[in-house]
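The values are calculated or read from the model by the stated rules, or taken from the named source; none is laboratory data. Owing to the predicted nature of the structure, the values given are computational and were not obtained by experimental measurement. FYI the Cβ positions are ideal-geometry reconstructions off the backbone, even for glycines, and counts take in every protein chain you see. Protein only, heavy atoms only, side chains kept; ligands, DNA and RNA dropped before computing areas. Shrake-Rupley method; radii C 1.70, N 1.55, O 1.52, S 1.80 Å.
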Amino acid sequence: MSIATKSAGAVVLAPTYTPATGDLKALIAAKREGYLWRSDLTPDRVCAIRKQLADAERASLPPTPVVVASWLMKLTKLVTNAPTELSRDLAEVIFEVCGDIPAGAWNPESRLAWTRQPDRNGYPVGSRWPAPGELHTHLRPFAERIRDEVSVLKTMLAMVEAPPEQRERSKPTDAEIAAVVRSARMARQALAEGVEELG
C-alpha cells in the first residue's frame, strides 16, 4: 500500500510500512532467538515472508525530497512553532541531514511519535518544530526497525532456499539414538573394566 503525494505535474509514491504481525512476528522472534527450524517454514509462511520482505525492502529505499516535504507539511499542523510556509530551502536542509532515513520511516506513526514525546527538562519537545539533527535521532529507530526486519526475513528465506546439504540436520532416527546409547554403554563398561584392572 502506498500514499500518493502530488507535486507539480507528478505523483510520488511513498511506501507505507507495517511491521510484521501475528504468526510472522512470532516467526521473526523465534529466528532471533535461534528457535526457528526449516520445518517451521510451511509454504503459506514462506509466501507471507516473501510478501513482507517485498514490502519492507520497498520501505527501506531512500526517500525522495517530496516524501520528506510531505511529512514535514503534515507536521506543521501538529506543532506550535512551525514555519508559516515550508520553504524549499528548509525542506532541503532536513532532507540533507535525514536523507539516509528510509522512505518507510516517514510515516504517520513517526510523525505522531514526534508530537507525543514527553517534555525534556521542562522543554516541550514534541510540540515544537524539530531541528534536523533532532529529527534524524527521532527517526533512526523507525529506520532500524525496517532494516532489521529486512535482514531477518532474508535469513529466513535463505533457510528455505539453501541447497539440501546446507540445511540444518534433521532429528536423529530411533536407530541412530540406539546406536549412540550402545556406544556409550560399551565405553562406560570399558572404563569400568579398566579401573578394576588398575585396582
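Some notes on this structure:
- Just so you know, in the stretch 1-28 the residues that are of a type in the set (A, V, I, L, M, F, W, C) and open to solvent by 50 Å² or more (accessible area, probe 1.4 Å) include one that is modelled with the lowest pLDDT, and it is M1.
- Residue match in the stretch 87-97 (condition: open to solvent by 50 Å² or more (accessible area, probe 1.4 Å), more than 22 Å from E134 (Cβ to Cβ) and either touching a helix residue (DSSP H, G or I) at 6+ places or on another chain (Cβ under 7 Å) or in contact (Cβ under 8 Å) with a residue 12 or more places away in the chain (or both)): no
- Test: G104 is open to solvent by less than 50 Å² (accessible area, probe 1.4 Å) and over 14 Å from L72 (Cα atoms): yes
- E109 being open to solvent by 70 Å² or more (accessible area, probe 1.4 Å), at pLDDT 90 or above and out of contact with any Phe, Trp or Tyr (no Cβ under 8 Å at 6 or more places or on another chain): no
- Qualifying residue in the stretch 153-171 (condition: assigned to a loop (DSSP other than H, G, I, E, B), within 29 Å of the chain's Cα centre (by Cα) and at pLDDT 80 or above): no
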